Amino acid sequence: MATVQVSEAEKVYILHGIRDDLRVDGRGCEDYRHMEVETDVVSNTDGSAKVTLGHTAVLVGIKAEIGKPRPMVANEGYLEFFVDCSANATPEFEGRGGEELGTELSNTLYKVFNNQHSLDLKSLCISPGEHCWVLYVDVLLLQCDGNLYDSISVAIKAALFITKIPRVHISSDEEGGKEIELSDDPYDCMRLDVENVPCIVTLCKIGHRHVVDATLQEKACSVASLIISVTHKGIITCSRKVGRGSLDPESICEMIETGKRVGKALHPPLMKLLQQEESLGKKRQKVGFLG
């Protein structure tokens, strides 16, 4: 994870500000930085999105390919995650510096998104036990200024919303085998229901309080963090504690309640934005270096 050096005087300043619900950049403890979401930014994918949160920027691309269902769940498709920590995001990722973080992020994303509570995986099944859709989710970290989990989860939900999977027609050949034909019509496609797809909320314990969307400077003052994934109904689907410090039971309960409240409030404006952007169609003006 990208880190910064913070002096003792800076730590005291940050701690005292958070104690009074006033962070260095003027936000309250439960406020996010300015967030920008742009979809359909990569042409050779079935769905893509770019999210900028403060100075953190992530790009997500999704490719749908036909594969074989897993033996334990023969009637479901599945998702595969790969996170690339670009050296452009921070010099610490040069060489193999970002491999450990990439693996950690991929494993957490798999637990959060690859289950029936988040996505209807049965809708990805083509022929039980034989063929299914596999969604390869590639995440590229472009800039790193803290709160990667939240940024990536929003980008994945936005990319899944825009993902279009071709319709599949199954027919039998002369020998009784199955033939799979993909529709050539770009409008004859299947869309995913992303209503239950959760967003991740990361809460950092700093002093006696906790904050949402911590910057790298605030992260340097944190003893431990709690990562929780929350649906639009405020239901927690996954939780994980990160950091070397410890969290007492009372703090964990308070952080969970805050995460549920913040996560639940994150979904409506995100879905509204995605629907508005899609309604513009080809009239939508693309911004940023990918436009």
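The values are calculated or read from the model by the stated rules, or taken from the named source; none is laboratory data. Remember, it's a predicted structure, so these values are computed and weren't measured experimentally. Quick reminder, even Gly has a Cβ in these numbers, built from the backbone with ideal geometry, and neighbours come from all protein chains shown. Protein only, heavy atoms only, side chains kept; ligands, DNA and RNA dropped before computing areas. Shrake-Rupley method; radii C 1.70, N 1.55, O 1.52, S 1.80 Å.
On the basis of being within 30 Å of residue 264 (Cα to Cα), free of Cβ contacts under 8 Å to residues at least 40 places away in the same chain and open to solvent by 30 Å² or more (accessible area, probe 1.4 Å), does residue 167 make the cut?
On the way: within 30 Å of residue 264 (Cα to Cα): no; free of Cβ contacts under 8 Å to residues at least 40 places away in the same chain: yes; open to solvent by 30 Å² or more (accessible area, probe 1.4 Å): yes.
So residue 167 fails the test.
I need the full set of residues from region 68-92 which are surrounded by 20 or more Cβ atoms within 10 Å (Cβ to Cβ) and part of a helix (DSSP H, G or I), in order please. Within region 68-92, none qualify.
Counting only residues that are open to solvent by 10 Å² or more (accessible area, probe 1.4 Å) and not in a helix (DSSP H, G or I), which one in region 143-164 is nearest to residue 29 (Cα to Cα)?
Within region 143-164, the first condition is being open to solvent by 10 Å² or more (accessible area, probe 1.4 Å), and the residues that meet it are 143-145, 147, 149, 161-162, 164.
Within this subset, residues satisfying the condition of being not in a helix (DSSP H, G or I) are 143-145, 147, 164.
Working: 143: 23, 144: 20, 145: 17, 147: 14, 164: 38 Å.
Within region 143-164, the match that is nearest to residue 29 (Cα to Cα) is 147.
Checking the conditions here, which among 226, 203, 247 is more than 21 Å from residue 54 (Cβ to Cβ) and either in a loop (DSSP other than H, G, I, E, B) or out of contact with any Phe, Trp or Tyr (no Cβ under 9 Å at 6 or more places or on another chain) (or both)? Walk me through it before giving the result.
Values: 226 fails: more than 21 Å from residue 54 (Cβ to Cβ); 203 fails: more than 21 Å from residue 54 (Cβ to Cβ).
Result: 247 is the single residue among 226, 203, 247 that is more than 21 Å from residue 54 (Cβ to Cβ) and either in a loop (DSSP other than H, G, I, E, B) or out of contact with any Phe, Trp or Tyr (no Cβ under 9 Å at 6 or more places or on another chain) (or both).
Here is a check on your reading of the model: is residue 140 in contact (Cβ under 8 Å) with a residue 40 or more places away in the chain, buried (at least 18 other Cβ atoms within 10 Å of the Cβ) and touching a helix residue (DSSP H, G or I) at 6+ places or on another chain (Cβ under 8 Å)?
Values: in contact (Cβ under 8 Å) with a residue 40 or more places away in the chain: yes; buried (at least 18 other Cβ atoms within 10 Å of the Cβ): yes; touching a helix residue (DSSP H, G or I) at 6+ places or on another chain (Cβ under 8 Å): no.
Considered against the rule, which asks whether it is in contact (Cβ under 8 Å) with a residue 40 or more places away in the chain, buried (at least 18 other Cβ atoms within 10 Å of the Cβ) and touching a helix residue (DSSP H, G or I) at 6+ places or on another chain (Cβ under 8 Å), residue 140 comes out as no.
Checking each residue in region 170-194 for being in contact (Cβ under 8 Å) with a residue 40 or more places away in the chain, open to solvent by 30 Å² or more (accessible area, probe 1.4 Å) and either touching a Leu at 6+ places or on another chain (Cβ under 6 Å) or in a loop (DSSP other than H, G, I, E, B) (or both) picks out only 193. Against the criterion of being open to solvent by less than 80 Å² (accessible area, probe 1.4 Å), touching a residue at least 60 places away in the same chain (Cβ under 8 Å), out of contact with any strand residue (DSSP E or B) (no Cβ under 9 Å at 6 or more places or on another chain) and within 22 Å of residue 208 (Cα to Cα), residue 24 does not qualify. One residue is enough: does region 62-78 have a residue meeting the conditions touching a Leu at 6+ places or on another chain (Cβ under 7 Å) and within 30 Å of residue 18 (Cα to Cα)? No: region 62-78 contains no residue that is touching a Leu at 6+ places or on another chain (Cβ under 7 Å) and within 30 Å of residue 18 (Cα to Cα). For region 44-66, the criterion of a residue being more than 27 Å from residue 272 (Cβ to Cβ) and modelled with pLDDT under 90 is satisfied by at least one position.
Going through region 154-199 one residue at a time, which ones are among the small types (Gly, Ala, Ser), out of contact with any helix residue (DSSP H, G or I) (no Cβ under 7 Å at 6 or more places or on another chain) and modelled with pLDDT of 90 or more? Please lay out each step first, then the result.
Taking region 154-199 and keeping what is among the small types (Gly, Ala, Ser), we get 155, 158-159, 171-172, 176-177, 183.
Narrowing the set further to residues that are out of contact with any helix residue (DSSP H, G or I) (no Cβ under 7 Å at 6 or more places or on another chain) leaves 155, 159, 171-172, 176-177, 183.
Listed by number, the residues that qualify are 155, 159.
Suppose we keep only residues that are open to solvent by less than 90 Å² (accessible area, probe 1.4 Å) and without any contact (Cβ under 8 Å) to a residue 12 or more places away in the chain within region 1-15. Which one would you say is farthest from residue 208 (Cα to Cα)? That would be 7. Taking the condition charged (D, E, K, R), surrounded by 14 or more Cβ atoms within 10 Å (Cβ to Cβ), at pLDDT below 90 and more than 20 Å from residue 109 (Cα to Cα), does residue 277 pass? Spelling it out, residue 277 is indeed charged (D, E, K, R), surrounded by 14 or more Cβ atoms within 10 Å (Cβ to Cβ), at pLDDT below 90 and more than 20 Å from residue 109 (Cα to Cα).
For region 116-137, a residue qualifies if it is open to solvent by 30 Å² or more (accessible area, probe 1.4 Å), assigned to a loop (DSSP other than H, G, I, E, B) and within 26 Å of residue 232 (Cβ to Cβ), and the qualifying residues are 116, 117, 120. In this structure, residue 261 qualifies as open to solvent by 80 Å² or more (accessible area, probe 1.4 Å) and in contact (Cβ under 8 Å) with a residue 60 or more places away in the chain.
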